[in-house]
1. For a test of the definition: using alpha carbon positions, the gyration tensor, and the 1.5 limit on a/c, classify segment 624-723 as rounded, prolate or oblate.
2. Need one word for the chain: rounded, prolate or oblate. Basis is the Cα gyration tensor (sqrt eigenvalues a ≥ b ≥ c); a/c below 1.5 gives rounded, then a/b vs b/c decides.
3. Return the long-range amide H neighbours of Leu448 (sequence gap of 5 or more, or a different chain), with a cut-off of under 5 Å between placed amide H atoms.
4. What's the FRET efficiency of Val544 with Glu626 using the Cβ-Cβ distance as r and R₀ = 30 Å, to the nearest 0.05?
5. Enter the mean projected area of the convex hull around the alpha-carbon atoms of segment 418-502, in nm², rounded to one decimal.
6. Given a Förster distance of 22 Å, report the FRET efficiency between Glu377 and Lys414 from their Cβ-Cβ distance, rounded to the nearest 0.05.
7. Per residue, how much accessible area does the chain show when a 1.4 Å probe rolls over the protein heavy atoms, in square angstrom?
8. Do any trypsin sites (Lys or Arg not before Pro) in segment 369-453 lie in a loop, going by DSSP, with at most 10 other beta-carbon atoms within 10 Å of their beta carbon, and if so which?
Amino acid sequence: EWEPLKCLMPSMLDVVKQFERSEDELRECLEAFVQVVDISPSAFQQHLDKIVPMMLTISLARAHLADGVRQMAFEFLTALCEKKAKLCGKYPDFIREMVSLCMEFMLELEDDDNWADGDASDSWTVDVSNYDVGEENIDRFAQALGAEVVLSHVFTNVRHYVNQPGWKHKYVAIMTLSQCAETVQEETHVDEIIQLLISLLSDEHPRVRFAALHAIGQTSTDHSPYLQETHSDIVLPALMRLMDDPVVRVASHGCAAFVNFAEDLENELLLPRVPALMTKLCRKMVSPVRIAREQAITAVAVIAGVIETNFVPYYQQVVPVLKQIVLSATRKEERALRGKAFECMSLLGLAVGRDVFKPDAQEAMQVMMETARKGLEADDPQKSYIHEAAQRICRALHEDFLPYLVYLLPGIYKTLQLQPSQVVDPDAEDEEEDMTIDFLEDGTAVGLKTIQIEDFRSALQLLACFLEVLGGYYFDHVRETAHHMLPALHFRFSEDVKREAILAWQELINAAKSGQKQRSLPDDGLVADLLRVYLQRTLETMRVEEDLETLQCQTVGTAACLKAAGPNTMTPNEVQHLCIELRRLIEESTQRQWRATQGGGLDEDELAEAEEHRDADQLLRVKYAELVGTIMELYKGHFLSVGLEQFIPVIQECLKSTDSSSDHCMAFYLADDMIDKLGADSVPVWPVFMQQILHSIRHRDAWVRQAAIYGVLHAAPLGDFAQFADGAAKLLSQVISQPETRREGSREALEAATAALGRLCKWQASSIAGVNDHLVLFLDNLPLEEDLDQAGPTHELLMQFVQEGHALLQEQLGKVLRVFLEVYNRETSSEALNFFIRRLFVQAGGEQLKEMQPPFSQKHRKRIEKI
């Protein structure tokens with residue numbers, strides 16, 4: 001429909017030039033161009049050589065054009081880049097020009113005589129619109145074009161800017177780094193950035209020191225825990241020094257940067273500095289300057305969260321100050337301060353534990369409930385602080401929180417009863433009232449304000465927390481809560497609210513089941529009713545849902561609800577109905593994938609967008625397959641009789657596809673679960689897929705390869721797999737030995753092959769020729785790091801080999817110990833494995849460990865000392 005427009009583009013550009021002296025018309029024209037970019041960016045594809053220079057000229061015309069016009073031209077360039085990143089990336093000097101333009105806009109930063117006065121404004125940002133636009137757009141360009149191509153230009157400009165006289169260039173350089181921190185990938189670049197920022201903390205201008213603190217805080221968040229583990233020895237002292245900066249706003253931002261840095265700091269790195277920190281922060285908590293108090297309170301809360309029970313000696317020193325703030329901070333401009341005091345008290349409660357916190361918790365809850373009862377304005381920050389604090393206090397008190405439910409639940413239920421209002425003029429209402437609009441089948445429009453949707457979501461989060469923490473103690477409220485929460489499962493104004501409702505519903509089922517067990521009550525069908533009504537409502541919405549992320553959330557939530565309810569909750573007919581619905585959803589997704597491959601005449605950006613949609617749909621199909629696996633696991637008998645017949649045709653259809661890796665993956669995911677969950681009962685259907693699984697172990701596509709390897713991994717313990725074991729072991733060893741399997745993107749498949757080979761050596765040793773050679777290859781490729789599903793079980797498998805006194809592994813003890821040192825106390829270990837590793841090293845003894853050849857590295861020696 002935009003084809004006629006393309007040929008008119010030269011004339012349209014000429015018209016824009018004619019509006020040069022009429023800013024209103026020029027801005028209106030540029031707004032229209034931005035709208036066209038959003039709808040049909042291809043309209044400009046043949047005219048970049050004219051439109052890009054023109055928009056750059058308008059954007060830079062500071063002396064001749066108003067900010068609004070320049071910003072609109074800049075928005076056109078940014079939006080075009082987001083829609084056509086590959087096209088723009090090929091335009092000569094586009095990336096360099098855009099980075100420079102962003103930083104030029106940011107330089108339009110004016111001096112503010114009141115800047116250093118921390119309480120002069122509720123906003124911590126400088127209200128310079130062009131600066132804000134430049135800062136936002138540098139992030140948008142980095143996200144659209146990719147970190148690698150943008151960062152080289154950013155670093156070049158930053159090096160130039162930090163060497164310019166005056167504070168503005170340094171400020172802009174630092175804030176640009178802060179905006180791009182998330183996209184930095186190389187750790188050496190992170191090191192360079194931190195060294196630069198630390199040096200700039202000594203700059204004579206307070207705005208530069210402030211910016212450096214801001215960037216350290218942002219980088220700490222974006223590169224945690226690397227930054228904390230590597231640079232705490234220089235960052236912590238620097239932040240503590242800046243907390244005493246003579247400029248209040250800088251000193252307060254020192255606390256804010258500390259908060260970001262310390263949140264993910266190890267206990268032992270922070271503990272030695274806590275006495276000095278608490279001395280500083282307790283002094284700041286009673287400062288006459290509001291932002292100093294706010295940031296100090298948050299910093300204290302973070303310290304408590306990191307050192308936990310080690311905070312007890314400071315507890316009685318801090319709590320009276322917080323109580324005083326709650327009582328005295330009653331002015332409108334002090335609402336955030338009061339909210340932070342609630343936040344801090346709740347975090348202290350989590351840190352020091354129920355016994356210490358309980359008396360103060362009662363006082364805090366009474367004040368918070370009274371504050372909420374009086375009513376809070378829509379924009380009152382206390383509202384979110386109180387909701388989050390109530391959740392933390394619940395987690396701190398556990399069942400001792402129960403008495404507060406009778407006061408809290410009525411307000412939560414009232415929020416969940418919120419009804420949309422009719423919207424007469426959707427366009428006007430949406431703009432004036434900040435509403436989310438939905439159109440009903442009869443054509444009428446209804447809407448909710450954004451703040452109402454946020455309140456609705458917050459109410460669900462509160463319920464989810466209460467249910468999760470209280471479990472069976474919540475039992476008396478389960479039915480009433482289910483009644484009020486049910487409409488949220490098909491909430492039409494927010495996908496986020498649907499997700500919160502799904503999460504809360506699985507906790508509701510858990511609470512019902514736990515409550516019955518705690519009270520030794522007979523099964524009255526409550527759990528089955530909760531699951532049944534969830535499935536009815538959710539499957540009903542999934543039939544018409546178009547958002548792939550929401551469908552994925554609903555699928556994952558359905559699996560979680562099935563697991564929460566446990567086996568024997570659904571009848572064979574209900575299992576059959578669920579399987580039929582799932583097959584329909586899988587086939588719908590498969591059809592969408594097929595249609596997506598049929599589009600011709602797409603440019604690079606359109607192809608990339610189509611690929612993203614296909615990837616999202618494939619991930620959805622994976623979640624469907626996982627849900628089928630959950631049904632197999634919980635209802636094996638029902639599935640064999642009424643469910644299996646639904647999915648064998650799906651596998652067969654997917655395997656028919658000769659060139660679709662995603663279809664083969666889908667077939668193998670379903671087959672893998674059948675082998676894993678049905679065990680020996682899956683053997684009769686192996687002829688449908690087993691030969692294709694074995695054939696695909698060396699498939700060119702890493703995802704297909706991994707899916708096929710999982711089939712072998714699950715089949716390894718089954719006696720019927722003996723006939724395939726030797727051939728499978730050889731194929732797996734070939735995969736592991738090939739250099740190309742170690743490339744980025746193939747690591748998970750390589751690790752799956754390692755795990756599968758280890759299981760074959762364990763369960764099918766007698767059927768495998770040269771099994772010890774395979775076992776050495778297995779050991780040489782440990783530990784596993786990428787495939788988190790199999791890493792823990794595989795490292796425990798190595799433990800079993802050692803426990804059984806396997807002769808080969810006794811000979812390879814040095815390698816075994818090095819693997820265990822790498823996994824000890826990590827995500828890829830377990831409590832049982834950690835205990836075994838400790839015992840193994842104690843039994844080995846210090847002398848034997850010292851004589852081990854080759855010698856342990858310094859890193860390993862430190863780990864041995866810890867053990």
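1. oblate
2. rounded
3. Thr436
4. My answer for the efficiency is 0.85.
5. Computed as one quarter of the Cα hull surface, the answer is 6.0 nm².
6. Efficiency, rounded to the nearest 0.05: 0.80.
7. 46 Å²
8. Lys374
The values are calculated or read from the model by the stated rules, or taken from the named source; none is laboratory data. Here the structure is a predicted model, which means the values were calculated and not measured. Neighbour counts are summed over all protein chains in view; Cβ atoms, including those assigned to glycine, are modelled from backbone coordinates with ideal geometry. The protein model used for the area step is the full one, side chains on, heavy atoms only, and it has no ligands, DNA or RNA in it. Shrake-Rupley method; radii C 1.70, N 1.55, O 1.52, S 1.80 Å.
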